[in-house]
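These notes concern the structure reproduced below.
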Amino acid sequence: MALIANIVSGPDAKRLLLLAHGFGADERDLGGLLPYLDAEGAYAAILPRAPLPAPGTPGFAWYDFGDAGGYGTALDLLNEFVDEQAAALELPRAEAIFAGFSQGGGLALGLGMLAEYSARPAGVLAMSPAVPTELDIDPSATDVPVLIQHGTNDPLIPVQRSRDLARRLREAGVPTVYREYPMQHQVAMESIQDAREWMNKVVAGERPDEAIPEDPVELVPAMTTARFDAEVLQSEIPVIVDFWAPWCGPCRQVSPVVETIAVMRQGSYKVVKVNIDEEPAIAQQYNVQSIPMIGLFRNGRMERSSVGAKPRPQIEAELGMLVIP
């Protein structure tokens, strides 16, 4: 399948720059980054369009989220596209920068790290990357520097995934730089500036590599099925559980309220959150049919719940807590 693409190349272009867009976008989406990433026109930018319509959006998708097989198919398609463009533009693939956002970021990483794609680029820029399977990093990929960027407030792809991914890359010997920013599922001027500085270092022959910072302490940590029994049902103090999902607007509205409760009730209550998309077994067990739902657990069972985005005093009252002014 031939991909529709937007090619932006000036007469002085010396390297390829792959810019693969994310879910629901198209081949024009990342073009707006070029004046900031490549003001001098040193790159021939190739911006392909994903092959699948993205449901609920006017744009396109590389694969269905969670479909590891679709991810592999998209990698093969994008790999062929890069080869074709490198030949047409007479620019070596080995000197290219592979970059992408969200699904596109995960694909750029796959092309740079997996054994199936041994024609490595000079570097990989992964912005808020979505990777539906754990990357099996090939030993030969340790020559490819990687920059991973992510928003701390990303409601679609948890920032912890990129933190963990960056650590796995460094443990495998891949020169890796990790940056996070106070933003959602997006790019920001600060992140673009960091990307350009990193690209300049890679082009100069450097292999930037930095220790990954320790994870910040989360006010409301995420809870998994494997830990739910020990952390919630067997807890010696009452536990408040925020059932939410990334696509839920009211969940984002109530999230700061839950964080406030966590701060004000520290020591008396434990406060955690459960992403019902990632932990459907917990949601089914407690009949979570509408979100946000805030549940109060005590002595191994859910005693009360509050459904919907509401002010803190109302949530606390519905949970049977002594309301703190």
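The values are calculated or read from the model by the stated rules, or taken from the named source; none is laboratory data. A quick note: this is a predicted structure, and the numbers were derived from the prediction, not measured. Note that we place each Cβ from the backbone using ideal geometry, even for glycine, and neighbour counts take in every protein chain shown.
Of the residues in segment 266-278, at least one is farther than 20 Å from GLU316 by Cβ and either part of a helix (DSSP H, G or I) or out of contact with any strand residue (DSSP E or B) (no Cβ under 7 Å at 6 or more places or on another chain) (or both). Only residues that are assigned to a helix (DSSP H, G or I), surrounded by fewer than 23 Cβ atoms within 10 Å (Cβ to Cβ) and within 12 Å of the chain's Cα centre (by Cα): list them for segment 166-184, please. Across segment 166-184, there are no qualifying residues. Taken over segment 249-295, residues that are buried (at least 16 other Cβ atoms within 10 Å of the Cβ), within 15 Å of MET321 (Cα to Cα) and of a type outside the set (Val, Ile, Thr) amount to 5. Here ILE157 passes the criteria (1) surrounded by fewer than 21 Cβ atoms within 10 Å (Cβ to Cβ); (2) part of a loop (DSSP other than H, G, I, E, B); (3) in contact with a His (Cβ under 8 Å, 6 or more places away or on another chain) except the one numbered (1). Determine whether segment 90-113 contains at least one residue that is out of contact with any strand residue (DSSP E or B) (no Cβ under 9 Å at 6 or more places or on another chain), at pLDDT 95 or above, buried (at least 23 other Cβ atoms within 10 Å of the Cβ) and within 23 Å of ALA172 (Cβ to Cβ). Scanning segment 90-113 turns up at least one residue that is out of contact with any strand residue (DSSP E or B) (no Cβ under 9 Å at 6 or more places or on another chain), at pLDDT 95 or above, buried (at least 23 other Cβ atoms within 10 Å of the Cβ) and within 23 Å of ALA172 (Cβ to Cβ). Set side by side, the residues ASP12, ASP38 differ, and just one is exposed (fewer than 14 other Cβ atoms within 10 Å of the Cβ) and assigned by TED's automatic domain parsing to the domain that holds GLU134, which is ASP12.
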